[in-house]
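I have placed the structure first, in the form of C-alpha cells, so that the comments after it can refer back to it.
The values are calculated or read from the model by the stated rules, or taken from the named source; none is laboratory data. Just so you know, these numbers come straight off a predicted model, no measurement behind them. We place every Cβ from the backbone using ideal geometry, glycine too, and count neighbours over all the protein chains shown.
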C-alpha cells in the first residue's frame, strides 16, 4: 500500500507527496496532461519537441542541467501519445533545487530563435535516426495510420513528418506552451525521504504564484469499429521479413484492459508462453512477441513476428492464427492464468521498490484519473478470470479487425 497526501494549489496544480524514509534520495516529478494526441494534424511532433525545449532554459535559468548536477542529481523526461513527464532524482536535502527549476520553466520558457533552432535540429536528427534510417523504424508510422482513421493516435509521438518540426514557428511553440504547460494541466509529485511540512512550504513558495492557464476540455474523435482486414506490404532495407498484426482494444480505464494485458503475457511473456513453446522453439520464427500499446484511449493489441529463413510470411501467419484461435475456442488453463497473474503482481510490487517508479506512477494514475488507482492494480489483475480471457480474445482477435503490415527485404 502506497500512502500519500494529495492537495491542489489555488492555480490548479495537483500536488502529491509520498514519504519513503528507506532511501536518502528524493524525486521531484512533474507530469503534464499533454501528448501527441493533443496535436493538430498539420503540426505533429510538438509534444515531443517540447520535451526537448523544456531543457533549453527559462527566462531566469539559461542552463537547466548544471544546477541539478551541482546538487548531486540527474534528470530526464519522456513523452508519449497521452502525457509528458519530467523527473529529477537528487539527495533529499537538495530537493529545493529541483522545485526551483521546475517552477521556473513552468512559469515561462525562454522562447528564442536560437533555442528553437537547436532543438528542432536535435528532434529532426532523432526522427531520421530512429524512423527513417533504422530497419523497421517506420513501423509505428504505418501502423498508426492504418489502425486509426479518425482518432489523433493516427500519428506516432515523434510526429508525422520531419517538416512539421522543421516548419515550427516561435508563435506556434509559445501558443502550445501556454495552452498545455500550465499548473492547472500538471501534476507535481515529490517522493522520498522528505519532511512533508518543509516540502509544502517550498512548493507554496515556488509554484503558488504561477498563473493558471485557460481551462480546456479535451474532445477527441471516436475511432469507429474496424469491419474489414487492412493489409500493407512494404519493401524496405530490412534484414528479414517481418509480420505485424494489430487489433483494436479497449481504453486504459476499461476493466477488460487487464484481461487483454494478461492475454498478451500468456501468449508471449516468458519461456513457458504459448508463442515461445509452439512457435519459437519449433524454429518457425526467430522472434515473436505480443504486447499492448497501453494508451489512455482505445489502443492496440499487437503481435510481431520474424519468420526463420525458409519459413514464409504465410506460414508464420498461419501458426500465429492457430494459437489465437486456440485461445478463442478453448480459453486458458487455470494454472496458466494463475502463473501469469502472480508474475504480473510480482512485477508491480517490484516496481514499487524504487522511489522514482513510485513518483512516476503516482503522476501517471493522477493524469489518468486518480492517483489512488496505484493501489488497486494488483487486485485488478487477480480479478481476471479464464472466462474473461476467452471473452476478450473472441471480441478483439478477428481477421476483420486485424491491421497487418508485412516487411520484405528490398
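A few points about this structure:
- Selection status of residue 393, without any contact (Cβ under 8 Å) to a residue 60 or more places away in the chain, out of contact with any strand residue (DSSP E or B) (no Cβ under 6 Å at 6 or more places or on another chain) and assigned to a helix (DSSP H, G or I): no
- Filter pass, residue 99 being in contact (Cβ under 8 Å) with a residue 24 or more places away in the chain and surrounded by 22 or more Cβ atoms within 10 Å (Cβ to Cβ): no
- Meets criteria (closer than 29 Å to residue 244 by Cα, modelled with pLDDT under 95, surrounded by fewer than 21 Cβ atoms within 10 Å (Cβ to Cβ) and touching a strand residue (DSSP E or B) at 6+ places or on another chain (Cβ under 7 Å)) for residue 343: no
- Where residue 365 falls short, out of the listed (1) crowded, with 16+ Cβ neighbours inside 10 Å; (2) not in a helix (DSSP H, G or I): (2)
- Residue match in region 109-131 (condition: closer than 27 Å to residue 200 by Cβ and modelled with pLDDT under 95): yes
- Residues that are under 27 Å from the mean Cα position of the chain (by Cα), over 16 Å from residue 190 (Cβ atoms) and assigned to a helix (DSSP H, G or I), drawn from region 55-101: 65, 69
- In region 50-93, the qualifying residues are those that are more than 26 Å from residue 173 (Cβ to Cβ) and touching a residue at least 40 places away in the same chain (Cβ under 8 Å), and the one that is surrounded by the fewest Cβ atoms within 10 Å (Cβ to Cβ) is 91.
- Unique residue being surrounded by 13 or more Cβ atoms within 10 Å (Cβ to Cβ) and assigned by TED's automatic domain parsing to the domain that holds residue 262 when the list is 333, 356: 356
- Hits in region 180-206 (condition: in contact with a strand residue (DSSP E or B) (Cβ under 7 Å, 6 or more places away or on another chain) and either surrounded by fewer than 21 Cβ atoms within 10 Å (Cβ to Cβ) or assigned to a helix (DSSP H, G or I) (or both)): 180, 185, 193, 196, 199, 203
- Check on residue 41, surrounded by fewer than 20 Cβ atoms within 10 Å (Cβ to Cβ), within 25 Å of the chain's Cα centre (by Cα) and farther than 19 Å from residue 370 by Cβ: yes
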